1. Please find, within segment 165-189, the residue that is nearest to Leu76 (Cα to Cα) out of those that are surrounded by fewer than 20 Cβ atoms within 10 Å (Cβ to Cβ) and among the small types (Gly, Ala, Ser).
2. For segment 186-201, give me each residue that is within 11 Å of the chain's Cα centre (by Cα) and either basic (Lys, Arg) or under 24 Å from Lys220 (Cα atoms) (or both).
3. Taking the conditions exactly as written (closer than 19 Å to Leu79 by Cβ and touching a Ser or Thr at 6+ places or on another chain (Cβ under 9 Å)), does Gln139 satisfy them or not?
4. Condition first: in contact (Cβ under 8 Å) with a residue 12 or more places away in the chain, closer than 21 Å to Met109 by Cβ and basic (Lys, Arg). Now tell me which residues in segment 19-57 satisfy that.
5. Please enumerate the residues belonging to segment 145-164 that are surrounded by fewer than 21 Cβ atoms within 10 Å (Cβ to Cβ) and farther than 18 Å from Pro195 by Cβ.
6. Quickly run through segment 171-221 and pick out the residues that are at pLDDT 90 or above, part of a loop (DSSP other than H, G, I, E, B) and of a type in the set (Asp, Glu).
7. Return only the number of the condition from (1) without any contact (Cβ under 8 Å) to a residue 12 or more places away in the chain; (2) under 21 Å from Gly51 (Cβ atoms) that Phe105 does not satisfy.
8. I want to confirm something. Restricting to segment 108-120 and keeping residues that are assigned to a helix (DSSP H, G or I) and touching a residue at least 40 places away in the same chain (Cβ under 8 Å), which single residue is farthest from Leu146 (Cα to Cα)?
Amino acid sequence: MLPYFGANLSSMSAPLEEYNDSPFERVLIGLVARKMSRAVGKTTELSGYEGLIDLSEQVVKGYDAQGQQRVIGTMLRSLIPAPVLWSIRTFVRPARLILEWNAWFASHMFAWLVGPCEQKDVEVLDPQGQPRVQHSGIQIKKCRYLEQSGCVGMCINMCKLPTQDFFAQEFGFPLTLTPNFEDLSCEMAFGQPAPPLEEEPFYHQPCLATHCSVAQPKAKACPEVREGAAPA
């Protein structure tokens, strides 16, 4: 089990990783920022990845946790035409090869968003409920989004939960994201259904108090994470 409790802030006290985004990557970052801006009705004067983080912070300050998830869900759905999503959901089944190909594609195409990552083996349950190892995982070595935001709630409500929901609802692909607040890494496992948030260790994760602009240092767990849980 990865450690989540009492994050080791030495991983965040070091200088931020430097990224030399290519012109194409800057276009992609700008596209996501514009889609988020339209979904939330807010703008930013910052450019590039800083603009994306600024918009994310505005969403956190302007919406509750459930609202944050809805904003990102709307933004994700706006990136892919509805007929394409319907076709994938209707005609493509989450077979092992499809999940492994999806992990390969994501690991090669989204480093500009989350930082360097590589495909890896993960253990999932097959259709008969038996565990099997397949090459449908992604290891994000140090998440760019988490590092630059420094916010536990932003990681959970604006990345983990809406991304899991998007793939499950729109593609029909089970997915679990497991962030590690010790070293800022993250594991993605395609083919692994996400457990209820309340059952995950970081449900008890406190704020990264010295790095998050909306942190509540006295809280035993990040309030944004607790508020992000689905209503009973």
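The values are calculated or read from the model by the stated rules, or taken from the named source; none is laboratory data. Source: prediction; values computed, not measured. A quick note on method: Cβ atoms are made from the backbone with ideal geometry, for glycine too, and the neighbour counts reach across all protein chains shown.
1. Ala168
2. Here is the first cut: in segment 186-201, the residues within 11 Å of the chain's Cα centre (by Cα) are 186-188.
Residue satisfying the conditions is Cys186 alone.
3. Numbers: closer than 19 Å to Leu79 by Cβ: no; touching a Ser or Thr at 6+ places or on another chain (Cβ under 9 Å): yes.
No: the conditions fail for Gln139.
4. Passing the criteria: Arg26, Lys35.
5. Listed by number, the residues that qualify are Glu147, Gln148.
6. If the condition is that a residue be at pLDDT 90 or above, part of a loop (DSSP other than H, G, I, E, B) and of a type in the set (Asp, Glu), then Asp183 is the only one that fits.
7. (2)
8. Within segment 108-120, the subset assigned to a helix (DSSP H, G or I) is 108-109, 111-114.
In the following step, the residues that additionally are touching a residue at least 40 places away in the same chain (Cβ under 8 Å) were identified as 112-114.
Numbers: Trp112: 13, Leu113: 10, Val114: 8 Å.
It comes out as Trp112.
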